[in-house]
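What follows is one structure encoded as structure tokens, with my remarks underneath.
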Amino acid sequence: MSLEKWVEYGWLRREPTSSSEIKGLLGIVQRSLLDSKVEAVSTDLRFIAAFNAALCSATTALRASGHRTVTQAGHHVKTIESLEVTIKADPKLIQRFKTFNNKRNKSVYDVAGAVSDQELKAW
């Protein structure tokens, strides 16, 4: 399916981007990756930082295509799913990303200690 179909379905909107926006997003990716390596904080927070880097990378690919998700429930999942079109990501990678999205949600909204050291290393 194309991003234009996603626009028709109301999942995305067209929005021009700029090199400064892309540079700013890549700066967020870099910061989040560095934050994910800070061992003085919890495994949960390190996982959240690593996930944020990946999600921002997906957002960068989407913005580079001239699109943005519509703010609604599930917009992070749509950003993840857009990787199939923006960078031709393997469906297995997208599914793994969705699994980590669920893990991130659990650790942010439901319970502390939701992420193991092994899961952080897998990310």
Gyration tensor on Cα atoms of segment 1-45, a ≥ b ≥ c root eigenvalues, a/c under 1.5 rounded, else prolate if a/b beats b/c, else oblate, says oblate
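Just from its helices, what would the mean residue ellipticity at 222 nm be for the chain, if runs of 4 or more DSSP H residues each count -39500 (n - 2.57) and the sum is divided by every residue, rounded to the nearest 500 deg cm²/dmol?
Numbers: 7 runs with 82 residues, N = 123.
So the helix-based figure for the chain works out to -20500 deg cm²/dmol.
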Segment 1-74 versus segment 75-123: alpha-carbon centroid distance in Å:
12
Compute the helix-to-body angle for 19-35: its Cα long axis versus the longest principal axis of the chain, expressed 0 to 90° and rounded to tens.
20
Run the numbers on segment 3-109 and let me know its relative contact order in percent, using alpha-carbon pairs under 8 Å that are six or more apart.
29
Residue-count net charge about MET1 - beta-carbon cut-off 11 Å; Lys, Arg +1, Asp, Glu -1
-3
Within the set ARG63, ARG96, ARG13, GNM on the chain using Cα springs under 10 Å gives the largest fluctuation to ARG96
Listed peptides 24-30, 80-86 by packing density, highest first (mean Cβ within 10 Å)
80-86, 24-30
Using the C-alpha gyration tensor of the chain, what are the square roots of 5 times its eigenvalues, in whole angstrom, with the largest one first?
26, 16, 12
As a quick test, which of the pairs LYS5/LYS106; LYS5/LYS103; LYS37/LYS103; LYS92/LYS121 have an alpha carbon distance above 27 angstrom in this structure?
LYS5/LYS106; LYS5/LYS103
Given springs between every Cα pair under 10 Å in a Gaussian network model of the chain, which of LYS23, LYS78, LYS88 has the largest fluctuation?
LYS88
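No lab work stands behind these numbers, since they all come straight from the coordinates. Here the structure is a predicted model, which is why all the values come from computation and not from measurement. Neighbour counts run over all protein chains shown; Cβ positions are idealised from the backbone, glycine included.
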